[in-house]
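Accompanying notes for the structure given below.
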Amino acid sequence: MEIRAVSKSVRVSPRKMRLVAEAIKHLSVDDALRTLQVTQKRAARPLQKTLQSAVANAVNNAKLERATLVIQSIMVNEGQALKRFHPSTRGRIHPYKKRSSTVNVVLKSVSAPASSKPVEEKKASEPVVEKEEKKSILKKALAVGKRGKK
């Protein structure tokens, strides 16, 4: 079963949003939320909110277990662009666009959680992350971001 959540007109450029989205694609929901919590990019917060919305849809509407949820896909598309301009010399202008994004998150439920430990309920707002775990997650996220640059 697919669970969806959409955020429209997020005022972050789609190119910058895709860098963060690629870092959490195909992760479990808890791992993705931990990654977004320690990622130091402006795009991490809107992605975190959209992912939390998708999790809430799955738990409350579809009655699925949070521990079994995995991100199937994250699509970041262009939203509306605000057209602005810089005034220039001799009465001229230099137009530019303030771009926005539309974020689509699709979750799927897998058969069983990866760990055999009993699942403990965590705070839905922000998961607790250990210091060493933060460092390893941040290194992975930064390594993914560096691969995209040319």
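So the values come out like this:
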| quantity | calculated |
| --- | --- |
| Any pair with Cβ under 8 angstrom, 6 or more apart, that starts in segment 126-143 at a residue that is under 16 Å from Q48 (Cα atoms) and assigned to a helix (DSSP H, G or I) and ends at one that is at pLDDT 75 or above and of a type in the set (S, T, N, Q) | I137/T35; L138/T39; L138/Q40; A141/T35; A141/T39 |
| Count of segment 40-52 residues which are in a loop (DSSP other than H, G, I, E, B) and farther than 17 Å from P14 by Cβ | 1 |
| Single match in A81, A5 (criterion: of a type in the set (G, A, S) and either modelled with pLDDT under 95 or surrounded by 16 or more Cβ atoms within 10 Å (Cβ to Cβ) (or both)) | A5 |
| Residue satisfying all of: in segment 8-26; assigned to a loop (DSSP other than H, G, I, E, B) and surrounded by fewer than 16 Cβ atoms within 10 Å (Cβ to Cβ); modelled with the lowest pLDDT among these | H26 |
| Filtered residues of segment 55-66 (kept if surrounded by fewer than 18 Cβ atoms within 10 Å (Cβ to Cβ), closer than 10 Å to I3 by Cβ and not β-branched (V, I, T)) | A56, N57, N61, A62 |
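Yes or no, residue by residue, for (1) within 10 Å of the chain's Cα centre (by Cα); (2) farther than 20 Å from E133 by Cα; (3) surrounded by 12 or more Cβ atoms within 10 Å (Cβ to Cβ):
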site: V38; (1), (2), (3): no, no, yes
site: S53; (1), (2), (3): no, yes, yes
site: T68; (1), (2), (3): no, yes, yes
site: Q72; (1), (2), (3): no, yes, yes
site: F85; (1), (2), (3): no, yes, no
site: R90; (1), (2), (3): no, yes, no
site: P95; (1), (2), (3): no, yes, no
site: K98; (1), (2), (3): no, yes, no
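The values are calculated or read from the model by the stated rules, or taken from the named source; none is laboratory data. Only a predicted model underlies this, so the values are computations on that prediction, with no experimental measurement involved. Cβ coordinates were reconstructed from backbone atoms using ideal geometry, including for glycine residues, and neighbour counts include every protein chain displayed.
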